[in-house]
Amino acid sequence: MICEMCGKEVPQTKTVIVEGSRLNVCPNCSRFGEDYRASQSGAPISSSVIEQRLEKREKRMKTKDIYSGSSSTELIDDYGTVIREAREAKGMDLEQFAASILEKKGTLSKVEAGALVPDDKLIKKIEKALGIKLTEVVQSGVTVGGGNTNNKMTLGNFIRKE
Ligand SMILES: [Zn+2]
C-alpha cells in the first residue's frame with residue numbers, strides 16, 4: 001500500500017480526512033488528518049488493525065444488546081432427571097412426593113420420565129417442594145445455565161469467555 005500523502009510504501013495505511021478529502025496515508029502522515037472512522041460511520045474500506053478492532057468492538061456491543069434485550073424463561077431439557085434426583089435426595093418415593101404436592105403419582109412419573117411437560121403451575125410447585133430450579137433463561141438462541149448439570153454454564157462465565 002502506498003501512502004497518498006508522502007508516497008511511501010507501507011504495509012498498512014490509515015484512512016483519514018485531510019482538508020475535506022479522504023486519503024489513505026501511512027501511520028506517520030495520519031496525524032495530519034482526522035480519523036475517517038471517527039467522522040463517518042460508513043463501512044470499513046480497508047482492514048487496518050484499528051478498523052478490525054472497531055469491528056470487534058461493534059460485535060461486542062451487539063452481543064451486549066442481545067443480553068440486555070430479549071430473553072425468555074424456558075423449562076430445562078433434563079427436567080425429569082433433575083426432579084427425580086432432587087426427590088430421591090429428599091428420600092421420597094414417587095407416591096410420597098405426589099402426596100406432598102397434591103398431584104397424581106402417574107402425572108409425576110411421566111414428568112420424571114420426560115414424557116410429560118409440566119405446566120407453569122406444576123413447575124412452580126415442584127421447584128418449591130424440592131428446592132430446585134427447573135427453568136433457564138434463554139437469550140436469542142444461546143442457552144445459559146441449562147442442560148447438563150456437570151457442565152453448567154452461567155451467564156457470568158459466558159461473558160468472561162468472550
Ligand atoms: Zn505518509
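The values are calculated or read from the model by the stated rules, or taken from the named source; none is laboratory data. Because the structure is a prediction, the values reported are computed rather than measured. For neighbour counting, all protein chains shown are included, and Cβ atoms are generated from backbone atoms with ideal geometry for every residue, glycine included. Accessible surface is based on the protein model in full, side chains and every heavy atom, while ligands, DNA and RNA are left aside. Shrake-Rupley method; radii C 1.70, N 1.55, O 1.52, S 1.80 Å.
Which residues, taken from the stretch 125-162, are in a strand (DSSP E or B) and at pLDDT below 55?
Selection gives Val142, Thr143.
Condition test on Glu51, is it in contact with a strand residue (DSSP E or B) (Cβ under 9 Å, 6 or more places away or on another chain) and modelled with pLDDT under 90?
Judged against the criteria, Glu51 is a match.
Restricting attention to the stretch 2-11, and to residues there that are within 22 Å of Gln52 (Cβ to Cβ) and surrounded by 15 or more Cβ atoms within 10 Å (Cβ to Cβ), which single residue is nearest to the chain's Cα centre (by Cα)?
Here the answer is Val10.
How many of the residues in the stretch 102-124 are open to solvent by 70 Å² or more (accessible area, probe 1.4 Å), farther than 21 Å from Ser72 by Cβ and either among the hydrophobic types (A, V, I, L, M, F, W, C) or in a helix (DSSP H, G or I) (or both)?
5
Looking at (1) surrounded by fewer than 15 Cβ atoms within 10 Å (Cβ to Cβ); (2) at pLDDT 90 or above, can you tell me which one Arg57 breaks?
(2)
Out of all the residues in the stretch 26-46, which are surrounded by 16 or more Cβ atoms within 10 Å (Cβ to Cβ) and either under 23 Å from Lys56 (Cβ atoms) or modelled with pLDDT under 85 (or both)?
Ser30, Tyr36, Arg37
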